[in-house]
Amino acid sequence: MKIFQKNKKIKKAEAFTLVEALISITILMISVAAPLNLASQGLMAANIAQRQIVAFYLAQDVNEWIINQKMSNHLKSSNDMLDGLDDCIVTAGGNEKGCAINTLENSPSSAITSCAASGCPSKGKLYKNSNGFYAPNLSAADFSGYTRYSEIRRIGVDGGVVTEARIKTVVKWTSAQGVEQSYELVNNISKW
């Protein structure tokens, strides 16, 4: 009968120890958390870049508006290329704060607000309307978070006529982290 007997050894059940389980869980958590952190940082960087791009376009918008006014003055045969832009011209001992410009208006008299009296932070606030346009005179509920002001400095005068000027536009906003950011765009224009 020994032929039919089998070797009966009891095998121990193999399993992970508590230490092995904790190590594997830690490795799994690190491998999942690292990409989530990278994705979060990527989203923050994209938000910052988006705000900077909007600030650039808002600054460029004003500079182009001023250049358009200069060209309109040329077409009207005006001797002064800065005609109608007096509130934006920064002079020593005079207007040192520049102006806020509503680029949705065509006429300088209705588009330009001098910042000399109360400063540009309040006058330069930009609101975003339902069409996506930014302007200073919209409801406070639509405040975009951006403020914008411009300065024009005469840098070239020949015989009492301005031949060159420097436009500086500053756009400010507060980041999601509460840090004030700004973008400054400078262009020089010259008389033709």
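We did not get these values from a lab; they are worked out from the coordinates using the rules stated. Note that the structure is a prediction, hence the values are computed from the model and not measured. Heads up, the Cβs are rebuilt from the backbone with ideal geometry, glycines too, and the neighbour counts pull from every protein chain shown.
Could you grab the relative contact order for the stretch 18-190? Cα pairs under 8 Å, six or more apart, rounded to a whole percent. Please list the in-between numbers first.
Details: 269 pairs, mean separation 31.4, N = 173.
Computed value for the stretch 18-190: 18 percent relative contact order.
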* To do: Provide the FRET efficiency to the nearest 0.05 for the residue 106-residue 45 pair, computing r from the beta carbons and using R0 = 35 Å.
  => 0.35
* To do: Count charges around residue 181 for me, please; just the other residues with Cβ under 10 Å from its Cβ, Lys/Arg as +1, Asp/Glu as -1.
  => +1
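Mind checking the full-extension length gain between residue 79 and residue 26? Use 0.36 nm per residue of separation minus the Cα-Cα distance, one decimal, nm. Let's see the in-between values first.
On the way: separation 53, 0.36 × 53 = 19.08 nm, distance 7.59 nm.
Length gained, residue 79 through residue 26: 11.5 nm.
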* Taking the Cα centre of the stretch 18-190 as origin and charging only Cβ (+1 Lys, Arg; -1 Asp, Glu), how large is the dipole, in debye to the nearest 20? -> 120
* Among 115, 62, 187, which residue has its Cα positioned farthest towards the positive end of the charge dipole of the stretch 18-190, with +1 placed on the Cβ of Lys and Arg, -1 on the Cβ of Asp and Glu, and the dipole taken about the Cα centre? -> 115
* What distance in nm separates the simple spin-label points at residue 143 and residue 182, each placed 7 Å from Cα in the Cβ direction? -> 1.9
* Asked: Of all DSSP beta bridges in the stretch 18-190, what percent run antiparallel (nearest 5)?
  -> 95
* Spatially proximal aspartates and glutamates relative to residue 191 (Cα-Cα < 19 Å; intrachain offsets below 8 disregarded) -> 64, 80, 83, 86, 151, 158, 164
